[in-house]
Every structure is written in C-alpha cells, then in structure tokens.
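These notes concern the structure reproduced below.
The values are calculated or read from the model by the stated rules, or taken from the named source; none is laboratory data. Predicted model only: the values in this text are computed from it and were never measured. Cβ atoms come from the backbone with ideal geometry, glycine included; neighbour counts cover every protein chain shown.
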Amino acid sequence: MKSKHIAFVLLFVACFMLPKGHAQTSDTNFKQALTETVNTIQSVFHVDIIDNDGLLKDKELDYGQWKIDATNLEVTFANVLSPFNLSAVKQKNGSYKIKKFQYHKLTEEKGAERLQYLESLSPDLASWEIRKAELKTCMFSAFGLDKAPAMPDSKPILTKKRKYKGYTVENIGLEILPGVYVTGSIYKPNPMPKKAAVIVTPNGHFGDGRFRESEQIRCAMLAKMGAIVVNYDLFAWDESQLQFDSKYHRNSIASTVQVLTGMRLLDYVSTLKQADMSRVGVTGGSGGGSQTVFLAALDDRITVSVPVVMVSSYHSGGCACESGRGIHLCGNGTNNVEIAALAAPKPQLLISDGGDWTKNTPEVEFPFVERIYGFYGKKEVVKNVHLPEEGHNYKVSKRQAMYPFMAEYLDLRLDNITNKNGEIDESTCTIEPYENLFVFGNNPENLPKNALKNIDDLYKLFGEKNERVYESK
C-alpha cells in the first residue's frame, strides 16, 4: 500500500509539472516562478505556506518542479528555498512561514541532534583537549584578535567618583584601539579591601543598556560584596554611538571589538594595585551572555563565569555582534553550548528560563556541559538554575541565583548584601540618573581629538575592508 501511495503522489506531482503559460523544458532549465513551485508543495504535502513579507515574489527557480521530493518535505524546502537564502519555519498552528535564511538559528530538534554529534567528537578527556585547543585557536583568529593593534598607552579618562552605601562609582573612557574608546563604569567596594576580586559585566541588548536600573543594581551589589566591577557599553550602542552610528552595531567588526573590550578592560584593571587577578569573574545576559561565554573561553584570566539566558543548542545569537565572525563554523561546526564548555573545569553557572531559546537547558544543554566537566572530575562546580516561568531578562530572580555562586567561587562577602532575616536585599543600591553615567557628556564634541568616526577606518586597523551593504531606512 505504501508503494502505491508514493506512486500516486509522484503521478500527482507529474500533473503539476505540465507547462503553464510557457513551456518548461531543458532548454530553459525547466524554469518556473517560485510562487508556482511553492503552490505545488502546498498541494503535495497538504500544508499551508505563508509569505507575508513577499519574499517569494518575482523569483524564478531553475528545475522548479524537479526539486520537489514528494517523500520528504524538509528536503523539498531545502531544495527549493536554499538557492534564494530563504527557509520555511514551522509555526505553532502547523503552517510554515517563509523567512530569510537564519544562519544563527536551527530548530530545537536540529540543535539537539547537533549536540549529539558534537558529543561523539569528544568521547574522553584526551579527545576533548584536542578539540578544545582547536576551537580556541580558530575562534581567536575568526574574531580577528590575532590582527588587533596593541592597546595605546594613553591614560584612561576617569570621571569624578560618587560614594554610596558600601560602594563607589566612577565612569571610564578607555582607548582600547588607536582612536577607539570604550565607555563604561567601574564600581568598587567602599571601603576598599587590600585585594578585591574583579568582575566584568558585558552589556546585553536590553533597553537603556548599562544605564538601566537592573544593570546598576547588579554592579552595585557585586561591589558591595567586595569586587571591582566593570560595566561597559556594547559597540555602537549607548555612548559608543558618539563614535559609530547604531547601524554599525550590526557589522561583524562589532563582535571583534566587544570581545577585545572585555579583554582590554581586564588589562587596565590588572594595573590597579587592589585588583586580585587570581579571582576574576564574568557575567552578562542575552548578548552579554554571548560575550560571557566568549570571554570565559578565550581569556584564561577568567576563573568564574555566569552566562545568563544565552547558552542554547539551536540559537547562536541573531546579531552580527555575536555570530557575525563565523566563530560557530570553527571545528567544522560548533555552538554556544560547546563554547561554554570550553571554560571547564572552572566554575560556571548557566541561568536559563522557560520563555526563550534556553527553555530546554536542563534536559538538553546542561547535560552536555556537565559531561565535559566530568572529564576533569569537576561536575560539582558547574550548575544550572532554570526558571521555567520566566522570560528573557536578567532581573531579580536571576541575580538572586548569581550572587551566591559568585560569592562562593570568588570568595566574596554574601553577608554584606543580606538583611537581618538572611535575605538578599537590593534596596540599599542607589539608582543614578543616566547623565551621571556619561563619560563624554553624551556630546561627540567632548571626544578626544583622535577618536575615529569612520567605520572603514576601524576595519583598516585589522587589515580588513568593510563590505557590508546597509539597507536604507
């Protein structure tokens, strides 16, 4: 019966292959309007295909009907849509929506399959160490870090220090590349101990950037616990837009500059006599979560990492500032889960939730990472806190999970932030107005005279050429 059914389907397809309007022959490579081919797919597989954005319009496909495999819808979509860098994404109601090809995003099923494949590449510690070295070398080169000019020896620009209960804040402008200034804020314990742990907190793609309340609270609380905390803007984001327009945040060079920013801020902090560089943490959420796993993988000074809502098997970051340099092509294909595992055996906490691409972490992603830690006999130092009722953010419950972990592995004072009932209390933090956190007064005229403002000049620093085509607004 099955063979008869397939024969009927093939006959059905053959009927649709009859000429429409003009002859489809080998002389014209059986050329057909893409919309017609997709209509046939709908009929053969009894599915609805939606093209709300008009992505199929005015496109013609060579060998259109011949590319339909009546026994496999997934193969058919690949055959028909791949030549145009399009894909069909299944919706909750069972229909398929035509979208531009999302190189950074797989289906959940494909992500899980990819992890199984990656697991087969490293069955033991010896094979993992070989792959780890290969991935780190490739990522370093893919980011372009091997071509980065030395950091200039100019003095950092520091604003007036503000004193609050248990901590201080000052803003910093640091020239990390010739003419390229990163802007951020440094939170320090008050009083300052003889030696303090260091924590870098890369910003994510949340509204208001490093100025938002939750970001200020996180940095202040960690400082009150006894750490020097460095918070900084994304490239072409917030104050960085004084140098580079926000559209350049979608350039691949943004990914390079952001990783380099974390490293060179650590270079600067290491010159402070109070900084204990044997205790260095990193934590960030969303895009900052991507930067967290990248820094923990590539910078050996990092001793503790807490990536938040970003370690996923099927989503590598939809922004070029995360995935634009092709680092996920290293080792013939990797993902953020394997990159997070590169931090092993150093303590790491994965924080996930039920409302984004980390919803499967306890069952899919965490076991992979935990297995790698097991190679070193260190399963106890890698943990996952999963919040199934929450969404994509780095709000209070996620911070409440992060503070004890940082305290345990960076030797910080958790009792400095707990009330008389033993509860973590964030109410003593002061939320500053945005203007207090500016380095250059939000005025491009206040930038140093050598500040670059041309994206092409930034690429030239790395011996590269800007080839991005910008869409008109």
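Just to verify a result, which residue in segment 169-180, among those that are in contact with a helix residue (DSSP H, G or I) (Cβ under 8 Å, 6 or more places away or on another chain) and of a type outside the set (A, V, I, L, M, F, W, C), is surrounded by the fewest Cβ atoms within 10 Å (Cβ to Cβ)? Ranking the qualifying residues of segment 169-180, first place goes to PRO178. Taking each residue of segment 421-439 that is outside the structural domain of ARG399 (by TED's automatic domain parsing) and looking for partners that are of a type outside the set (A, V, I, L, M) and assigned to a loop (DSSP other than H, G, I, E, B) with beta-carbon atoms closer than 8 Å, six or more apart or interchain, yields nothing. Scanning segment 135-153 for residues that are closer than 27 Å to ASN442 by Cβ and touching a residue at least 40 places away in the same chain (Cβ under 8 Å) yields a single hit, MET151.
Rundown of residues vs (1) among the charged types (D, E, K, R); (2) surrounded by 15 or more Cβ atoms within 10 Å (Cβ to Cβ); (3) in contact with a strand residue (DSSP E or B) (Cβ under 9 Å, 6 or more places away or on another chain), yes/no style:
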position	(1), (2), (3)
MET406	no, yes, yes
ASP415	yes, no, no
ASN419	no, no, no
ASN436	no, yes, yes
VAL439	no, yes, yes
PRO448	no, no, yes
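Evaluated against (1) in contact with a strand residue (DSSP E or B) (Cβ under 8 Å, 6 or more places away or on another chain); (2) free of Cβ contacts under 8 Å to residues at least 40 places away in the same chain; (3) in a helix (DSSP H, G or I), VAL75 falls short on exactly one condition, (1).
The set of residues from segment 32-91 being surrounded by fewer than 19 Cβ atoms within 10 Å (Cβ to Cβ), farther than 21 Å from TYR103 by Cβ and of a type in the set (Ser, Thr, Tyr) comprises THR35, SER43, TYR63, THR71. Taken over segment 222-256, the residue count meeting the criterion of being under 13 Å from GLY184 (Cα atoms), of a type outside the set (S, T, N, Q) and part of a helix (DSSP H, G or I) is 2.
Taking the criterion of being surrounded by fewer than 18 Cβ atoms within 10 Å (Cβ to Cβ) and modelled with pLDDT under 95, the residues of segment 195-212 that qualify are GLY207, ASP208, ARG212. Which of the following residues is closer than 16 Å to LYS273 by Cβ and either touching a residue at least 40 places away in the same chain (Cβ under 8 Å) or outside the structural domain of PHE244 (by TED's automatic domain parsing) (or both): ILE199, ILE172, ILE176, ILE186? After ruling out the rest, the residue left standing is ILE186.
Scan (1) closer than 24 Å to HIS392 by Cα; (2) buried (at least 24 other Cβ atoms within 10 Å of the Cβ) for the single condition VAL280 breaks and write down its number. It is condition (1) that VAL280 fails.
I'm trying to understand the selection: among the residues of segment 92-115, which are over 30 Å from GLU60 (Cβ atoms) and surrounded by 12 or more Cβ atoms within 10 Å (Cβ to Cβ)? If the condition is that a residue be over 30 Å from GLU60 (Cβ atoms) and surrounded by 12 or more Cβ atoms within 10 Å (Cβ to Cβ), then GLU108, GLY111, ALA112, GLU113, ARG114, LEU115 are the ones that fit.
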